[in-house]
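Each reported figure results from applying straightforward, stated rules to the coordinates on display, with no laboratory input. Every value quoted in this text rests on a predicted model; they were computed, and no experiment measured them. With ideal geometry, Cβ positions are generated from the backbone for all residues, glycine too; neighbour counts draw on all protein chains shown.
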Amino acid sequence: MRLIALLAAALLAHDAAGGLLDFTAAELRAIERHGPWPPPAPRDPSNRVSGNAEAIAFGELLFFDTRLSPNGAMSCGRCHQPGRAWTDGRRTPGGVIGATGRDALTRNTPTLWNAGFGRWFGWGGGSDTIWSFSLRPIRHPLEMGSSAAHMARTLRADPELACRYRRVFGEAGKPDEALLVDVVKAIAAFVETLVSARSPFDEFRDALARGDRDAAARYPLAAQRGLRRFVGEGNCSVCHFGPAFSNGEFGDIGVPFFVPSGVDSGRYAGIQRLRADPHNLLGRFNDRPGDAGAARTRHVQLQPRNFGEFKVPGLRNVAKTAPYMHDGSLATLSDVVKHYSELDENRLHTEGERILRPLRLSPQASADLVAFLESLSDTGRYVSGAPSRCASRRVQ
């Protein structure tokens, strides 16, 4: 025991002193593919106000406005809190009316950081745009429990909201449903601006790319070892690749999908929901129907392997978004690493069996992976960009 303690102390001292691992050419190429960051701001061609400054300001106001729910208690910002990295910090939200058991919401609230870079939205990918996905919590009876009629009444009755709507979309002489779609497109324009800032990993990655060994050596050795395992034998970057650390698709990683009401079939139900959604990219609310996104939706295939698959989340700021997995069942990053270290292969479908194996990590290797994941956090914080009040009058 004394020898182990001495070795651990020596390793910590070595890490504190800094240094640079001798990465192979293949490892360096893999590391470089996780940048540069940040990329240009995302734009959604299906949303005519994507990137519009007035729409972004209007969307921010709507995001935090509890009047959009009939009981005046819920807003998007109640579950997606800026101070909790745009999550709620809970295993699952439960529900606006305090529902429990079979009636409770059973999926973890995902972060909105970098959401605009995705192709599919929700743990099951039941939506193909941020704006269409935003309709679900607005209408869900256990979330905001709202409707197009309530949204239209609220918008038309409030001078500030009415003025901002008119500035972005023009006069509101249109059906309630079309007005609601405009509202969620403004919210989506705001959400697209939530791009995380640079992290210690980005400084390391860029230093390696320009050959600055002294700058690269400031990145902790524990994080370097974790990164080496992440892009190498851990196979993590098979799914968590690219600058956002996600392939934007879905996978089965052996997390149980049983819920109080039965089974959460994940991507399987998500594709069914996507196809049936009148607000998808094949519908009349798409502002650019000829774009490639509509073709993706048209040709998405429903396959047996989709049962129990869930979205691969991005990993930037992951240390700030506990708990983890689609059901919030893993409380810490250490628990996540342990899950992969002790993976139950009997729970995996064919795709998971092809990619995943138990990592059988030592305590030090587990700590190294956690150190790397923690290095993906930025030090930025949300600052409201909403301008001063709008000189307003009612929408007619």
> In nm, to one decimal, how far is the Arg43 label point from the Arg284 one, both placed 7 Å along Cα→Cβ?
Replying inline: 2.8
>> Which cysteines in the chain lack any other cysteine whose Cβ sits under 4.7 Å from their own Cβ?
In response: Cys76, Cys79, Cys236, Cys239
> What value does the stretch 138-204 have for Rg/Rh, both radii from Cα atoms and Rh as Kirkwood defines it?
Replying inline: 1.18
> Per residue of the chain, what 222 nm ellipticity follows from adding -39500 (n - 2.57) for every DSSP H run with n ≥ 4, rounded to the nearest 500?
Replying inline: -11500 deg cm²/dmol
>> Calculate the FRET efficiency for Arg275 and Arg139 from the Cβ-Cβ distance with a Förster distance of 22 Å, rounded to the nearest 0.05.
In response: 0.75
> Expressed as an acute angle from 0 to 90° and rounded to the nearest 10, what is the orientation of the C-alpha long axis of helix 176-191 relative to the principal long axis of the chain?
Replying inline: 30
> How much length is gained on full extension from Tyr382 to Ala331, taking 0.36 nm per residue of separation minus their Cα-Cα distance?
Replying inline: 15.9 nm
>> Given axes a ≥ b ≥ c from the Cα gyration tensor, I'd like to know whether the stretch 53-192 is rounded (a/c under 1.5), prolate (a/b larger than b/c) or oblate.
In response: prolate
> Using alpha carbons only, how many degrees (0 to 90, rounded to 10) separate the axis of helix 200-209 from the longest principal axis of the chain?
Replying inline: 70
>> Give me the Å³ per residue figure for the convex hull around the C-alpha atoms of the stretch 191-271.
In response: 163
> Once the mean 1/r over all distinct Cα pairs of the chain is inverted, what Kirkwood radius in angstroms do you read off?
Replying inline: 22.6
> Using 0.36 nm per residue, how much length does the chain from Ala197 to Asp291 gain when fully extended, once their Cα-Cα distance is taken away?
Replying inline: 30.9 nm
> Distance in nm between label sites at Leu21 and Lys338, each 7 Å beyond Cα in the beta-carbon direction?
Replying inline: 2.3
> Among the GluC sites (Glu not before Pro) within the stretch 168-214, which fall in a DSSP loop and have no more than 10 other Cβ atoms within 10 Å of their own Cβ?
Replying inline: Glu171
> What distance in nm separates the simple spin-label points at Ser265 and Arg153, each placed 7 Å from Cα in the Cβ direction?
Replying inline: 3.7
> By how many nm would the segment from Val238 to Lys174 lengthen if fully extended, with 0.36 nm per residue of separation less the alpha-carbon distance?
Replying inline: 18.4 nm
>> Angle check, please: helix 221-231 long axis (alpha carbons) against the longest principal axis of the chain (alpha carbons), in degrees 0 to 90, nearest 10.
In response: 70
> Over the chain, what relative contact order in percent results from Cα pairs under 8 Å that are six or more residues apart?
Replying inline: 26
